Structure formats: C-alpha cells, structure tokens
1. How far apart, in nanometres, would the label points at residue 232 and residue 244 be if each is projected 7 angstrom from Cα along the Cα-to-Cβ direction?
2. Quick check on the chain: of the DSSP beta bridges with both residues there, what percent are antiparallel, nearest 5%?
3. What's the ranking of 48-61, 101-114, 166-179 by average number of surrounding C-beta atoms within 10 Å, highest first?
4. If I model a spin label as a point 7 Å beyond the Cα along the Cα-Cβ vector, how far apart are those points for residue 60 and residue 119 in nm?
5. What is the gain in length, in nm to one decimal, between residue 147 and residue 92 on full extension, counting 0.36 nm per residue of separation less the C-alpha to C-alpha distance?
6. Using a 10 Å cut-off around each Cβ, can you sort 146, 32 from fewest to most neighbouring Cβ atoms?
7. Counting other C-beta atoms within 10 Å, which of 291, 272, 240 has the fewest, and how do the rest follow?
8. Show me the ranking of peptides 249-255, 10-16 by mean Cβ neighbours inside 10 Å, starting with the highest.
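The numbers here are math on the coordinates, done by the rules we state, and not lab data. Remember, predicted model here, so these are calculated numbers, not experimental data. A quick note on method: Cβ atoms are made from the backbone with ideal geometry, for glycine too, and the neighbour counts reach across all protein chains shown.
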Ligand SMILES: NC(=O)c1ccc[n+]([C@@H]2O[C@H](COP(=O)([O-])OP(=O)(O)OC[C@H]3O[C@@H](n4cnc5c(N)ncnc54)[C@H](OP(=O)(O)O)[C@@H]3O)[C@@H](O)[C@H]2O)c1
C-alpha cells in the first residue's frame, strides 16, 4: 500500500510517517518546493512529488498510483476550503480508495474560520464515494514545543486569554496512530472521530503540571495579543488575524471537549495525557541543555 501525505515538512503531519512505516505502508510526500525533498526523506518518505494545494492541476499527478491520501490543511489559509476540495478532486480523478482527513474538533463552530473551513471539506468527502475517515483532533500538545524554552527561562506560561479558560488537548502522535490504523485496517472506515485526551485544563492547572515536571514554580499569566504576537514573531496576515479571533473566542468560551472514549477505543489503550507530554518536555534533550547553560 502507498499513501500520499500532505504536510510532511510541517510540525504535525510528519508524525504520521513513522506510524505508516511501522505498518509497512510506503509514503509519497507532497512537497511544494523541490528544496524540501531532503526534509521529506529525513522524515521517512520513500518518494516525493511536487504539488501545490493552491494549484489543483499540480495535484493530479501527485495522486496517481497511490492507494490512500492523508490530508491536513495548512492553518489559517484564506483558501483552506479550496485546498481541501482540490485534493479531494485529485483523489477522485485518480480513483484513490481511501481518504483520511485530519481536520479539527467541532468544525461546527462557525464563528472560527479554522473550524468552519473544515466543515464543507467534510461534506464533499462524505459525498465523494471514497472510503473516508475524518479525524477531529483537539488542541495539539505539540503546540507547547515552540514556547517551552521561553516557559523554562521565565518560569511563566502566558497566553492572550484568560488563565481560567479550560481547553482540551490531544498528543498528535495519537492522532497519527489513528490515521495509520485507518489506512492499515478497516476499523475506521466511513467514520468521523473526535480525538481528545481525557479532561479539560485551564492555564493555572497546566502551569501546575509544568511546576511539578520542572521542579520549580511556573506561574500562569495573561498577556495582550499584540505582546504575544510580537514575542512569537508573527507577521501581520491571515494567521495573525485568525489567532487574534481564536484567542478572543477562547477567552469567552474556552476550548471545550476532552471526552477520550473514542480515542481510547481506536488506540485500544489510554491516550497520552498532557501531564505525560509535559514530563517528556521537561526531560527532553533541549531542556537538559537549557538547564546546563
Ligand atoms: N495546532 C493545533 O492545536 C490544531 C488543533 C486541531 C487542528 N489543527 C489543524 O491542523 C492543521 C495543520 O496546522 P499547521 O498549518 O499549523 O501545520 P504545519 O505543521 O505548519 O504544516 C503545514 C504544512 O502544509 C504545507 N503547505 C502549506 N501550504 C501548502 C500548499 N499550498 N501546498 C502544499 N503544501 C502546503 C507546509 O509545507 P511548506 O513546508 O512548504 O510550508 C507544511 O508541510 C490546520 O488545518 C489546523 O487547523 C491544529
């Protein structure tokens, strides 16, 4: 079996590759720049193909001869919907059997563009006649990777929304495992699955997990969006606008979810928890180096 994977050069989809390889599935990586081929091979791709989600014509060749497609949309793209549809049409034209879509939990939250953009992609997928699996993950624990050094250095975990807002999380390695199960077995055929680790935590509780793992106090904080975006070196554009809106929404409603029933059933084990993830970060090589410096 061969699967075309989108997003191998990104932060998350690359985690799907080892899970596919473990199950004997060959990986063709979609890249939009030939200079990224080295990254794709280093991350386990067997072959690469050039294609751009913004150029539907370029996807036809990419989808030829594969048995399945793993699709994930780049975040906060103004044409996220068109990109999803372009990949679906290429899949259909190439008679691809299986399509696994890594979307988001609660695509029915129409007030958030990064959720709402995924709903019509799901709709077209359901109507496509292809064997589908829709994965709807919670907030990725891997988001912490980018800010971990800063948290460790400052003893402060600050974001631009209320410290009391509660959120649900998932380790993307668990999502990646679910995706690979969808290709390797028929257990997830024609299913849509909400994927969460158990429970919801607010930032005070997350900071307490960090303090426990690091063995020194980490305080939960709240900063303005502009201060946060400046520190994150986020240029102005759709992603910055989308995140501002997202954090305003989290401030009002949190990010509800956290029912682990489905993920537990898919993995046939307990999902990884945020406590475990933070423990891993605290014992990572990067942190050990930071502590020694
Ligand atoms: N972060 C979370 O907590 C969370 C939670 C639930 C769902 N999600 C969803 O997860 C998805 C992935 O998020 P992300 O963008 O942050 O992932 P990412 O890891 O930054 O990856 C983006 C990937 O898409 C590729 N890409 C971008 N534009 C492309 C194009 N026009 N054609 C082909 N490939 C293209 C990038 O390739 P290049 O290297 O060429 O740029 C990169 O490999 C989003 O849909 C988001 O809504 C995120």
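1. Reported label-point gap for residue 232 and residue 244 is 1.3 nm.
2. On the way: 1 of 34 bridges.
Approximately 5 percent, going by the DSSP bridge assignments.
3. Working: 48-61: 17.4, 101-114: 18.9, 166-179: 24.2.
Averaged packing, sorted descending, gives the order 166-179, 101-114, 48-61.
4. With each label point 7 Å from Cα toward Cβ, the separation is 3.3 nm.
5. Numbers: separation 55, 0.36 × 55 = 19.80 nm, distance 3.98 nm.
Taking residue 147 through residue 92 to full extension adds about 15.8 nm, to one decimal.
6. Numbers: 146 10, 32 14.
Ordered by Cβ neighbours within 10 Å, fewest first: 146, 32.
7. Values: 291 10, 272 20, 240 16.
In order of increasing Cβ crowding within 10 Å: 291, 240, 272.
8. Working: 249-255: 16.4, 10-16: 20.4.
Top of the packing list down: 10-16, 249-255.
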